[in-house]
Structure formats: C-alpha cells, structure tokens
1. Please return the ranges of helices (runs of 4 or more DSSP H) entirely within the range 58-124 where 2 or more residues are at pLDDT 95 or above, of a type in the set (A, V, I, L, M, F, W, C) and under 19 Å from Leu138 (Cβ atoms).
2. Quick check on the range 105-118. Is at least one of its residues within 15 Å of ligand 1 (Cβ to nearest atom), charged (D, E, K, R) and within 20 Å of Glu71 (Cα to Cα)?
3. Which condition from (1) away from ligand 2 (no atom under 13 Å from the Cβ); (2) buried (at least 22 other Cβ atoms within 10 Å of the Cβ) is the one that Arg276 breaks?
4. Under 15 Å from the mean Cα position of the chain (by Cα), in contact (Cβ under 8 Å) with a residue 40 or more places away in the chain and open to solvent by less than 10 Å² (accessible area, probe 1.4 Å) - does that describe any residue in the range 69-85?
5. What's the total number of residues in the range 359-372 that are out of contact with any Gly (no Cβ under 6 Å at 6 or more places or on another chain), exposed (fewer than 15 other Cβ atoms within 10 Å of the Cβ) and touching a residue at least 24 places away in the same chain (Cβ under 8 Å)?
6. Here's a check for you: in the range 349-358, which residue that is open to solvent by 10 Å² or more (accessible area, probe 1.4 Å) and part of a helix (DSSP H, G or I) is farthest from ligand 2 (Cβ to nearest atom)?
7. Are there any pairs, at least 6 apart or on different chains, whose C-beta atoms fall under 7 Å, with the first in the range 335-348 and near ligand 2 (Cβ under 7 Å from one of its atoms) and the second among the polar types (S, T, N, Q), and if so, which?
Amino acid sequence: MAITYELIKTCKQTGARLGKVHTPHGSFETPVFMPVGTLATVKTMAPEELKEIGANIILSNTYHLWLRPGEDVVEEAGGLHKFMNWDGSILTDSGGFQVFSLSDMRQIEEEGVHFRNHISGAKLFLSPEKAMHIQNSLGSDIMMAFDECPPYPASYDYMKASVERTSRWAERCLEAHQKPGQQGLFGIIQGGEYEELRKQSARDLTSLDFPGYAIGGLSVGEPKDVMNKVLDFTTPLLPDEKPRYLMGVGSPDSLVDGAMRGVDMFDCVLPTRIARNGTCMTSNGRLVVRNAKFAKDFTPIDENCDCYTCRNYTKAYIRHLIKANETLGIRLTTYHNLYFLVKLMGQVRNAIKEDRLGDFRDEFFEQYGFNKP
Ligand SMILES: CNc1nc2cc3c(=O)[nH]c(N)nc3c(CCc3ccccc3)c2[nH]1
Ligand SMILES: [Zn+2]
C-alpha cells in the first residue's frame, strides 16, 4: 500500500492532528478538504484552476465512471489521471453508497448488490471484487473498500448484520486488490449511531491493517449532534498513525468540528452544488448573490477573500451572469467556494500548529453565524 501518513503534531487544546499524506501523485497536508469530481471533473473547474485554488487531491466516483464512459475507456486512456489531465492525487469511492443513494430498485446479498442503472434502467450487479476491479482500472491513488452505508435511522439488528457483512466484504476487497504497490485501499468503519457496532467494525477492519480508514454511515440525515457523538467514540478506535477520512462531510462547521475530533480528510459536494444556484460561502455566512439587493453592489463576494473571483469581479456582475444563465457566473462562484473551504482548512491547520483550534472554532462560528453548541 503506497499510501503513507506522517503525524506531525496533535493540538494540545483539542483532539485535532496536523499531518501529511503521501501518495504516488504527491502529498497533501491534513486536515484537508477534498473537492468532489464525480464524472471525472470538479464541475466547471479546469485542473489548472484547482491547482491555483490549492487543491492537491480530488475525489471521483467508481459508480458513475463505470456506467459512463465505462472503466475500459478510462483504462485505455491510461487511467483517470491522464484521462482528466490531473497530476495530483485522486480518491475514488467504491460505488456502494451511490448504489444505495441513486438506485431505488436494489437487492443486497452476500455476493454483492443487484440494482438498476439509474440512467438506462438496465439490471446491474456490483460486488467487492467488481468494485476493486473498476478502481484498479481507474488507477486512483486511494481506493475505498466496498461497503454498505445503511440508511438513517436503522435498527440495531439490521445495523449489526450490515456491519458484519461489510467486514466480510472488506476482506474480499483486500484479496481482490491487484495493485497494492501503486494504490492504497482504505477500510470503511460502519455501525451507525451504535457504539458497540462501531467498536466491532473498527476491531474487524483495524485487524486487517489498511493504510487508512474512513468513517462511513454519517452525513446521511442524522442530526449534527449525533454525528459529533459518533465521532467522539469512533475516532479513538482508529490507529493514530493512519489517516482518518470522514465521508460526505461537509459544511464549514462540520469540517471544523470533525477536525477537532481527530478527522484528517473531508469531502463534500456542497461548495460546488450551492455555487450552481448562486450561493456563496463567505466569512460572514452564506450569501445568495442572485438576490436583487446586489443588483448595484460593486463590491466583491467576500471582502476578506483574496481569490481570483473576489479580486476581479463584483456581486453585481456575478449576479447578472447567474441571472442570465451565463456559464462564467457559476464558474466564478464555484472557484470562490472551493477557495473558501481550502483556505478554511489552512486556517484550521495553523490553529492546530498554535494549539488553539478550540478558540478558532469559537471565533469562526461567531463570525460565520453558526449557533454555539
Ligand atoms: C453526503 N454524505 C455522505 N455520507 C456518506 C457515507 C458513505 C459511506 O458510508 N460509504 C461510502 N463508500 N461512501 C459514502 C459517501 C460518499 C462519499 C464520496 C462521494 C463522492 C466521491 C467519493 C466519495 C457518503 N456521502
Ligand atoms: Zn473569493
């Protein structure tokens, strides 16, 4: 497993860690926010712009690329890096979550999951072996084990059976992993909100010695305090010398709260998704730039931001573009939102260096307008 983690320092004020992850396509500091590029593109952004923003690792989706254009196309292109002209690190999900969230007709068995293609309706089958084969074809640097992300809420009995099957699937993924030298495989801890099941899942997977671990089954509709409670008793179950990836998280407050609980890697579609309807993250909270009050506002989206968008364009101009459905409009809001989250994680890393992440959280929540706990 060619993924290594360097634990640089632990924050004295919180459980946060400063670290560095090394992959065959470079390294990135943690805690880190990873932009999501589901269809082999972080929507509307060119790779050069992602580099300019400061992104060193992006995410893509096994499920979507398998369906379209097909992993054979990507493999014959020389892999995902070459296909999309991205020379940084790439992490791909195993497809399990997407099956459960996109396809309503599905049947979970020991062998794998039967479901319908959410585009064509054709019957499909995804298994641990198939998910590993696809990720090996894509050539991502960090691959995820094939797991079941149960719905929220789920009964203890359902969750227990699911955790045990996900652990068996994880072993099958390790056996089916064809390129351990080039690609690193992360195990995914499940167990929902049940501490006993999170412990069982962590025991099963940490005994298999993956180069990194993801915390799955969260950001699926549970209240934020439930997520924080699960993190409080789950991150300590994971080895200190390996990276921890909290899947599907999240909003700016969840990134800071997750980092405080020892999470190293985050992903979410939020910054790119809300940008497409003209909503921006700013240091003073969210701003809906298409709002009429900005029609003659010739100031930047965020006066505290030094990104390309904020240095060169005004709210009035971006509002005009968004309302006219001009593509440059959502490119400018996307650029700013990604820059905002990448910058936020830089501030989190600095706060850890200075042992003051708890103070930073209070200041940030106050200014951004998140209600205190
Ligand atoms: C939004 N909330 C959310 N909760 C998740 C839970 C799981 C989970 O328990 N297992 C797996 N395998 N994935 C999950 C994902 C998808 C994350 C992702 C998206 C895009 C690209 C790469 C990775 C989740 N996303
Ligand atoms: Zn900006």
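The values are calculated or read from the model by the stated rules, or taken from the named source; none is laboratory data. On a predicted model such as this, the values are computed, not experimentally measured, just so you know. Positions of Cβ are generated from backbone atoms using ideal geometry, with glycine treated the same way; all protein chains shown enter the neighbour counts. Heavy atoms of the whole protein, side chains included, go into the accessibility calculation; ligands, DNA and RNA do not. Shrake-Rupley method; radii C 1.70, N 1.55, O 1.52, S 1.80 Å.
1. 62-67, 71-76, 80-83
2. Among the residues of the range 105-118, not one is within 15 Å of ligand 1 (Cβ to nearest atom), charged (D, E, K, R) and within 20 Å of Glu71 (Cα to Cα), which makes the answer no.
3. Exception for Arg276: condition (2).
4. The answer is no, given that none of the residues of the range 69-85 is under 15 Å from the mean Cα position of the chain (by Cα), in contact (Cβ under 8 Å) with a residue 40 or more places away in the chain and open to solvent by less than 10 Å² (accessible area, probe 1.4 Å).
5. Qualifying residue count for the region: 2.
6. Gly358
7. If the second residue must be among the polar types (S, T, N, Q), the pairs left are His336/Thr309.
Residue by residue, here is whether (1) more than 16 Å from ligand 2 (Cβ to nearest atom); (2) closer than 17 Å to Val342 by Cα; (3) touching a residue at least 60 places away in the same chain (Cβ under 8 Å) holds:
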residue: Phe266; (1), (2), (3): yes, yes, yes
residue: Ser283; (1), (2), (3): no, yes, yes
residue: Val288; (1), (2), (3): no, no, no
residue: Ala295; (1), (2), (3): yes, no, no
residue: Pro300; (1), (2), (3): no, no, no
residue: Asp306; (1), (2), (3): no, yes, no
